[in-house]
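These notes are about the structure you will find just below.
The values are calculated or read from the model by the stated rules, or taken from the named source; none is laboratory data. Just so we're clear, the structure is a prediction, and the values are computed from it rather than from any experiment. No Cβ is skipped: glycine too gets one built from the backbone with ideal geometry, and neighbour counts run over all protein chains shown.
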Amino acid sequence: MTRIGPLHFWKGRPRSGRGLLSACTASGACCVSWAPLVTSPTPRVPLSKYHYIVVEGPIGVGKTSLAKRLAARLRSTLVLEHPEQNPFLPRFYRDMSRFALPTQLFFLFQRIGQLRELAQMDLFNRLTVCDFLLEKDPLFARLTLSGDELHLYQQIFDALKPQAPRPDLVVYLQAQPATLYERVRRRGVEFERPISAEYLALLADSYNRFFYHFDGSPVLIVNSEKLNFVSDDRDLDLLIERVGAMRGQREFFNWGQ
């Protein structure tokens, strides 16, 4: 899988009770160290600088699950995309070339509608967590559309894009394509059954390329292979601590073997 920048891996998890802290030099390089961590029902790091956090990543990486957990822990507003409402999606997975354009346009209009409502809210009074980034929407279009259809989609996207608020932070979840495929199979969503391992590998690579160039918001890149934000409160606590300690425009949070 394509790696974004200088990904750093640590050998093994920290011992129980040790958390991840970082400090950035003037040049932007980050030094990472372990320090005592006390798990708690509420975060022990200042998150007041964030009003709008987006969790992103390819199909099967766990972005919606993490967004739900973050919103519950931080007592924030939660905005989720609703793929089950897209009537074209099941047909798209069976015949991508035929149903790519209506599927993509439905998602675009759905997301724009959600973000339009979000833009009318007072983002400075309450934290909002969302599980999609509008700027990545063309990523899917470029994978499945071409010629006049892609040109039409891009024109519509460019006309609607200015209505989207800018996130204060994007948490980008990564996982190996084999892991994505196993997670998709395990969750057993009926209309996702036709998704192939090859499509997920292509999607994961496209996400990596997109975020390599993305500079619209600060990005925390998270290797989710060895993290379980749904079942393990310690992993969630470490991530929240990492979010609160983030100072640079692009930082990394990874577990190694």
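When region 118-159 is examined, which residues are found to be aliphatic (A, V, I, L, M), modelled with pLDDT under 95, in a helix (DSSP H, G or I) and surrounded by 17 or more Cβ atoms within 10 Å (Cβ to Cβ)?
Correct list: 118, 134, 141.
How many residues does region 114-148 contain that are among the hydroxyl-bearing types (Ser, Thr, Tyr) and in contact (Cβ under 8 Å) with a residue 24 or more places away in the chain?
2
When residue 216 is evaluated against the numbered criteria (1) part of a loop (DSSP other than H, G, I, E, B); (2) in contact with a His (Cβ under 8 Å, 6 or more places away or on another chain), which criterion, by number, is the only one it fails?
Every condition holds for residue 216 apart from (2).
Considering region 202-238 alone, what residues qualify as being free of Cβ contacts under 8 Å to residues at least 40 places away in the same chain and either within 17 Å of residue 143 (Cα to Cα) or not polar (S, T, N, Q) (or both)?
Residues satisfying the conditions are 213, 215, 227, 232, 235.
Could you tell me whether any residue of region 195-202 is surrounded by 17 or more Cβ atoms within 10 Å (Cβ to Cβ), touching a helix residue (DSSP H, G or I) at 6+ places or on another chain (Cβ under 8 Å) and within 19 Å of residue 166 (Cβ to Cβ)?
Among the residues of region 195-202, not one is surrounded by 17 or more Cβ atoms within 10 Å (Cβ to Cβ), touching a helix residue (DSSP H, G or I) at 6+ places or on another chain (Cβ under 8 Å) and within 19 Å of residue 166 (Cβ to Cβ), which makes the answer no.
On the basis of being in a helix (DSSP H, G or I), among the hydrophobic types (A, V, I, L, M, F, W, C), closer than 27 Å to residue 237 by Cα and modelled with pLDDT of 90 or more, does residue 71 make the cut? Working first, answer last.
Working: in a helix (DSSP H, G or I): yes; among the hydrophobic types (A, V, I, L, M, F, W, C): yes; closer than 27 Å to residue 237 by Cα: yes; modelled with pLDDT of 90 or more: yes.
Considered against the rule, which asks whether it is in a helix (DSSP H, G or I), among the hydrophobic types (A, V, I, L, M, F, W, C), closer than 27 Å to residue 237 by Cα and modelled with pLDDT of 90 or more, residue 71 comes out as yes.
Take region 76-87 and flag every residue that is in a loop (DSSP other than H, G, I, E, B) and surrounded by 17 or more Cβ atoms within 10 Å (Cβ to Cβ). Quick ask: steps written out before the conclusion?
In the first step, residues of region 76-87 are kept if they are in a loop (DSSP other than H, G, I, E, B); the result is 76, 80-82, 86-87.
Matches in region 76-87: 76, 81, 86.
Which of the residues spanning region 92-113 are closer than 21 Å to residue 193 by Cα, free of Cβ contacts under 8 Å to residues at least 60 places away in the same chain and either loosely packed, with under 15 Cβ neighbours inside 10 Å or in contact with a strand residue (DSSP E or B) (Cβ under 9 Å, 6 or more places away or on another chain) (or both)?
Answer for region 92-113, where residues must be closer than 21 Å to residue 193 by Cα, free of Cβ contacts under 8 Å to residues at least 60 places away in the same chain and either loosely packed, with under 15 Cβ neighbours inside 10 Å or in contact with a strand residue (DSSP E or B) (Cβ under 9 Å, 6 or more places away or on another chain) (or both): 95, 97, 98.
Only one of these is among the aromatic types (Phe, Trp, Tyr), assigned to a helix (DSSP H, G or I), on the phi < 0 side of the Ramachandran plot and crowded, with 21+ Cβ neighbours inside 10 Å: 252, 211, 191. Name it.
211
For region 236-249: of the residues being charged (D, E, K, R) and either under 14 Å from residue 68 (Cβ atoms) or crowded, with 19+ Cβ neighbours inside 10 Å (or both), which is nearest to the chain's Cα centre (by Cα)? Outline the logic, then answer.
Taking region 236-249 first, the residues charged (D, E, K, R) are 237, 241-242, 247.
Right, trim to either under 14 Å from residue 68 (Cβ atoms) or crowded, with 19+ Cβ neighbours inside 10 Å (or both) and you get 237, 241-242.
Numbers: 237: 18, 241: 17, 242: 15 Å.
So, considering only residues that are charged (D, E, K, R) and either under 14 Å from residue 68 (Cβ atoms) or crowded, with 19+ Cβ neighbours inside 10 Å (or both), the one nearest to the chain's Cα centre (by Cα) is 242.
Taking the residues in region 213-244 that are touching an Asp or Glu at 6+ places or on another chain (Cβ under 9 Å) and at pLDDT 90 or above as candidates, determine which candidate is nearest to residue 182 (Cα to Cα).
The extreme case among them is 221.
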